[in-house]
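Step one of this worksheet: look at the structure below.
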Amino acid sequence: MTTDTPQPPRIDTSKAHPARVYDWLLGGKDNYPVDEAVGEMLPPQARDGARQNRAFMHRAAAYLAEQGIDQFLDIGTGIPTEPNLHQVVQRVLPSAKVVYADNDPIVLRHAEALLVSDPAGATDYIQADVRTPDEIVRHARHVLDFDRPVALSLIALMHFITDEQDAHGIVRRLVGTLAPGSHLVLTHAAIDLYPELAEQVITQYAKGGIRLAFRTRAEVARFFDGLELVPPGLVTTTQWYASGPVPEPEVDGIYAAVARIP
Ligand SMILES: C[S@@+](CC[C@H](N)C(=O)[O-])C[C@H]1O[C@@H](n2cnc3c(N)ncnc32)[C@H](O)[C@@H]1O
């Protein structure tokens, strides 16, 4: 039966979801006991990793806005957690436009928080899977001008996509739609920095029914093939700083980089 009244997105609380486990790791409230059960079993460094990853997103997004980038396509957005990407970039450029995409219905349920844009700019939200990149770009074109630079942000997303699902091909396809001067911002959990911790995380997520594809530095570097890495290059989230003092070394198992599309 169809109805004119939009139905709220159906949330499956019987199994863990990446967005909700991440919300739990960040200390959020938009998660369920199944998600908490996975989070509780993770090594304590996982919470640090979520915080470090989110802080990198803030620095990288602000950096790009300071470079004049005023269009952002953020895939794998997560449950809104202030400040969200559009709040960071619109502080620098109020007219910035941001399109968000995530495949989890719980993000759709909370999407209003992502849609409160500065009146000078715009935000939009698409419920979509990164494995359908053409569909995402087709929707994003309603808001973003792909003839001008766009920052594509894939933050803590691609380690949910396996090689069989063609993780590198998907990123290549998305990057291929972007104009010169666009940027790719990507973070990705490492398998080779703290291998024992990484294996524990993979095992606990698998128990919750979530498959992870953590990668080596060389495998993560391949996402940036043909692009110009912005200094300091491909490092870990805490080692990437656009301005301000050089950060103190921290245990940090997530690779991060910003790169320019030539
Ligand atoms: C670890 S969270 C990261 C959230 C946010 N990008 C950040 O770094 O703060 C990963 C997000 O990717 C989303 N995700 C996982 N697989 C996806 C897919 N195939 N397509 C779109 N989004 C996906 C999850 O729903 C979740 O919201």
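Is the stretch 18-260 best put as rounded, prolate or oblate by its Cα gyration tensor, with a ≥ b ≥ c the root eigenvalues, rounded for a/c under 1.5, and otherwise prolate when a/b is larger than b/c, oblate when not? Verdict is rounded for the stretch 18-260. Working note: Karplus 6.51/-1.76/1.60 with θ = phi - 60° gives the stretch 233-240 the couplings x, 8, 10, 9, 3, 6, 8, 8 Hz, where Gly and Pro are set to x. The helix-based estimate of mean residue ellipticity at 222 nm for the chain, built from -39,500 (n - 2.57) per DSSP H run of four or more residues and divided by its residue count, is -9500 deg cm²/dmol to the nearest 500. Looking at the stretch 18-260, the accessible area is 44 square angstrom per residue; that uses a 1.4 Å probe and ignores ligands, DNA and RNA. For K97, list the aspartates and glutamates whose Cα falls under 17 Å from its own Cα; do not include residues on the same chain fewer than 8 positions away. By straight Cα distance, K97 reaches E66, D70, D74, E112, D118, D124, D145, D147. Positive-end ranking of Q127, M41, L73 along the dipole of the stretch 18-260, with charges on Cβ about the Cα centre, is headed by L73. Computed from point charges on the beta carbon alone (+1 for Lys and Arg, -1 for Asp and Glu), the dipole magnitude for the chain about its Cα centre is near 180 Debye. For K207, go through the lysines and keep the ones whose alpha-carbon is under 29 Å away, minus same-chain ones fewer than eight residues off. Within reach: K15, K29. Model label points for A113 and E199, set 7 angstrom from Cα along the Cα-to-Cβ axis, are 3.7 nm apart. Taken as Cα centroids, the stretch 158-184 and the stretch 107-153 sit 16 Å apart, rounded to the nearest whole angstrom. Considering only T13, T216, T77, the mean-square fluctuation computed in a Gaussian network model of the chain, springs between alpha carbons under 10 angstrom, is largest for T13. Looking at the chain, identify the longest residue range that excludes and avoids all GluC sites (Glu not before Pro) in DSSP loops having at most 14 other Cβ atoms within 10 Å. Answer - 1-163. Specify whether the C-alpha gyration tensor of the stretch 100-201 places it in the rounded, prolate or oblate class, a ≥ b ≥ c being the square roots of the eigenvalues: rounded for a/c under 1.5, otherwise prolate if a/b is larger than b/c and oblate if not. Note, shape of the stretch 100-201 comes out prolate. Compared with the direct C-alpha span, the chain from T132 to D225 gains 31.4 nm at full extension, assuming 0.36 nm per residue. Projecting the Cα positions of T187, A206, L229 onto the charge dipole of the stretch 187-231 (unit charges on Cβ atoms of Lys, Arg, Asp and Glu, taken about the Cα centre) puts A206 furthest along the positive direction. Dipole size of the stretch 69-181 about its Cα centre, with +1 on Lys/Arg Cβ and -1 on Asp/Glu Cβ: approximately 240 debye, rounded to the nearest 20.
The values are calculated or read from the model by the stated rules, or taken from the named source; none is laboratory data. Fair warning: this is a prediction, and the values are worked out from it, not measured in the lab. Cβ atoms come from the backbone with ideal geometry, glycine included; neighbour counts cover every protein chain shown. Protein only, heavy atoms only, side chains kept; ligands, DNA and RNA dropped before computing areas. Shrake-Rupley method; radii C 1.70, N 1.55, O 1.52, S 1.80 Å.
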